[in-house]
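Notes to accompany the following structure.
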Amino acid sequence: MKTTASLLFASRLLFPRTGKKSNARKSLIGAMVCIGISLVPLVMVLTVSNGMIQGITERMIGLSTSHISCVLHNGTGAVASFDSMKGVSDNLNNQPGIVDSFPEIQGMALVSSFQGRTGASVRAVENDIFSRNKSFASLFEVLDGKTEFDSDKSAIIGGKLAEILGVKAGDTIRLITIKGDVNSEDYEVTLRPRMTSLKISGIVSSGYQELDALWLFLPIETGFKILPLKSSKFVIGVETENAFDVSLERAFRHVERNVPEGTRVFRWNELNSAEYENFSSTQTMLLFIMMLIVLVASVNISSALIMLVMERRKEIAILRSIGASPAEVARSFLLTGVATGFIGVLIGIPCGLLCSVNFSAIMNLIERIVNIIYEFFYVLVRGSPDTLTIRLLDPAFYLQNIPLSIPLPQLIVVASGTLVLSLLVSAVPAVKAGSERPIETLRKI
């Protein structure tokens, strides 16, 4: 019995020509469907989590830490004025592998309006950063107004901050900072509040509230005037050709050699290591759980093949009597099990990708159903409707719009792993089929 004969017999096991009813064949079809269904959430988790991680990482790097972050030593000449910081930035722009750099002052302040007050993370930046910085231009969505400073007393704020303060573009807010003088002899600190009125030029959002919820941007010249410079952080964000390959390391070495003494230089993955490792470990755990579901679904192939062996004992006995070896018979059933898993893969992966493309619509539908059920039971128990709305993916912690990212190499690994599982669970029934004794079977015919 050659390999072609084994393939032919396996195809007849899956797709028999006779119209005879077969419970084992129904079980094989059920196993295909189960594997396909189990792969749908696995593919969705893989695709959606990849898109989520990619989107969040892109925003952390492009909008917060840059590819390389240079923290200038406070109190040196490099941070004496905007011109001195600009000089350091221009020097870095001339280095190999550096695309652009952006000086910035970061500090904390209180911000208030007629309708609310809260703390804010103040970022004093160059006037043209929203147009010159590619990440700022592409990742920030303008909710109201524009991304240009109208004057040195204007600001651009995040959408969540605008919601807390109850303001819109064109309104005026008050920024309260601290003006402090330190007496180095007796260590006494004199603190005085400084209040600055700012007109809101625009309201923006990156789609990730946990990152930009309290950001307030103002011109860097204004930052030098109103921020407490001794407690603020002076940063130059450096953009390289690629944040994810070896060119980053080469650019990092050039930056280290061309910054003022006392400057601390960090790569983006050093500043975001905790978040990045958390994302990766969470994705790994989800994939492990989903693979367990696929493993359970693959066991159905084993039970279906056992039934198939019992139904086809006559055919097995005939094959053995005309010279087929136990290994050749076993190979036919192994091929049947792998083919079942392969068809399940052909069902599950495309369906999973289709669900991933429509993930937002599916989640909105599930949210509506959950809220309807919650409202029904709340009215049943309390007698009055509840105003609480359940959010399965709260935009305060997740991206508002999840980018689609299809990880082709990982999908190939998933498909290969499913086929290997199908092969493993088919081994016992296949060995059992090969060990059938044809004489005992033929005597019962």
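For the list (1) within 30 Å of Lys199 (Cβ to Cβ); (2) part of a helix (DSSP H, G or I); (3) among the aliphatic types (A, V, I, L, M), I need the number of the one condition that Leu39 fails. Every listed condition holds for Leu39 apart from (1).
Each row is one residue, and each column tells you yes or no for (1) among the hydrophobic types (A, V, I, L, M, F, W, C); (2) part of a helix (DSSP H, G or I); (3) farther than 13 Å from Lys432 by Cβ; (4) out of contact with any helix residue (DSSP H, G or I) (no Cβ under 7 Å at 6 or more places or on another chain).
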{"site": "Ser303", "(1), (2), (3), (4)": "no, yes, no, no"}
{"site": "Met307", "(1), (2), (3), (4)": "yes, yes, no, no"}
{"site": "Ala339", "(1), (2), (3), (4)": "yes, yes, yes, no"}
{"site": "Gly348", "(1), (2), (3), (4)": "no, yes, yes, no"}
{"site": "Cys351", "(1), (2), (3), (4)": "yes, yes, yes, no"}
{"site": "Met363", "(1), (2), (3), (4)": "yes, yes, yes, yes"}
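Scanning segment 79-89 for residues being buried (at least 17 other Cβ atoms within 10 Å of the Cβ) and of a type outside the set (Gly, Ala, Ser) gives a total of 4.
The combined condition, being open to solvent by less than 80 Å² (accessible area, probe 1.4 Å) and either under 30 Å from Ala430 (Cβ atoms) or in a helix (DSSP H, G or I) (or both), is not fulfilled by Leu229. For the structure I just gave you, tell me whether Val329 is touching a Gly at 6+ places or on another chain (Cβ under 6 Å), touching a residue at least 12 places away in the same chain (Cβ under 8 Å) and among the β-branched types (Val, Ile, Thr). The answer is yes for Val329. Among all residues of segment 241-262, there is at least one that is buried (at least 17 other Cβ atoms within 10 Å of the Cβ), under 30 Å from Cys70 (Cβ atoms) and not aliphatic (A, V, I, L, M).
Right, Arg320: of a type in the set (Lys, Arg) and either surrounded by 20 or more Cβ atoms within 10 Å (Cβ to Cβ) or at pLDDT below 80 (or both) or not?
yes
Candidates in segment 57-67 are the residues that are among the β-branched types (Val, Ile, Thr) and over 24 Å from Ser231 (Cβ atoms); of these, the one that is surrounded by the most Cβ atoms within 10 Å (Cβ to Cβ) is Ile61.
Among the residues of segment 348-365, just one is crowded, with 17+ Cβ neighbours inside 10 Å and among the β-branched types (Val, Ile, Thr), namely Ile349. Here Gly323 meets each of (1) part of a helix (DSSP H, G or I); (2) in contact (Cβ under 8 Å) with a residue 60 or more places away in the chain with one exception, condition (1). So is Ser201 in contact with a strand residue (DSSP E or B) (Cβ under 6 Å, 6 or more places away or on another chain), without any contact (Cβ under 8 Å) to a residue 60 or more places away in the chain, surrounded by fewer than 18 Cβ atoms within 10 Å (Cβ to Cβ) and not basic (Lys, Arg) or not? Here the answer is no, as Ser201 does not meet what is asked. Contact map, segment 120-139: residues that are farther than 18 Å from Asp152 by Cα paired with residues that are open to solvent by 60 Å² or more (accessible area, probe 1.4 Å) and part of a helix (DSSP H, G or I), Cβ distance under 8 Å, separation 6+ or inter-chain. Pairs shown: Ser135/Glu58; Ala137/Ser131; Leu139/Glu58.
Within segment 263-274, the set of residues being assigned to a helix (DSSP H, G or I) and open to solvent by 40 Å² or more (accessible area, probe 1.4 Å) comprises Asn269, Glu270, Leu271, Ser273, Ala274.
Here Asn94 meets the list (1) in contact with a Ser or Thr (Cβ under 9 Å, 6 or more places away or on another chain); (2) without any contact (Cβ under 8 Å) to a residue 60 or more places away in the chain; (3) polar (S, T, N, Q) almost entirely, failing just condition (1). For segment 8-21, filtered to residues that are at pLDDT 70 or above and more than 18 Å from Arg320 (Cβ to Cβ), the residue that is farthest from the chain's Cα centre (by Cα) is Pro16.
Residue check: is Met310 out of contact with any Gly (no Cβ under 9 Å at 6 or more places or on another chain) and farther than 30 Å from Asn94 by Cβ? Against the criterion (out of contact with any Gly (no Cβ under 9 Å at 6 or more places or on another chain) and farther than 30 Å from Asn94 by Cβ), Met310 qualifies. Filter segment 25-72 for residues that are of a type in the set (Val, Ile, Thr) and out of contact with any helix residue (DSSP H, G or I) (no Cβ under 8 Å at 6 or more places or on another chain); which is modelled with the highest pLDDT? It comes out as Val71. Selection of segment 90-134 for residues being surrounded by fewer than 19 Cβ atoms within 10 Å (Cβ to Cβ) and of a type in the set (S, T, N, Q) yields Asn91, Asn93, Asn94, Gln95, Gln106, Ser112, Ser113, Gln115, Thr118, Ser121, Asn127, Ser131. Does Asp90 satisfy the condition of being of a type in the set (D, E, K, R) and farther than 30 Å from Lys168 by Cβ? Taking the combined requirement at face value, the residue satisfies it. Being assigned to a loop (DSSP other than H, G, I, E, B) and either more than 29 Å from Val88 (Cα to Cα) or β-branched (Val, Ile, Thr) (or both) holds for only one residue in Val259, Val204, and it is Val259. Which of the residues spanning segment 275-285 are open to solvent by less than 70 Å² (accessible area, probe 1.4 Å) and not hydroxyl-bearing (Ser, Thr, Tyr)? Selection gives Phe279, Gln283.
The values are calculated or read from the model by the stated rules, or taken from the named source; none is laboratory data. Source: prediction; values computed, not measured. Quick reminder, even Gly has a Cβ in these numbers, built from the backbone with ideal geometry, and neighbours come from all protein chains shown. When the accessible area is computed, the model is the full protein with side chains, heavy atoms only, and any ligands, DNA or RNA have been set aside. Shrake-Rupley method; radii C 1.70, N 1.55, O 1.52, S 1.80 Å.
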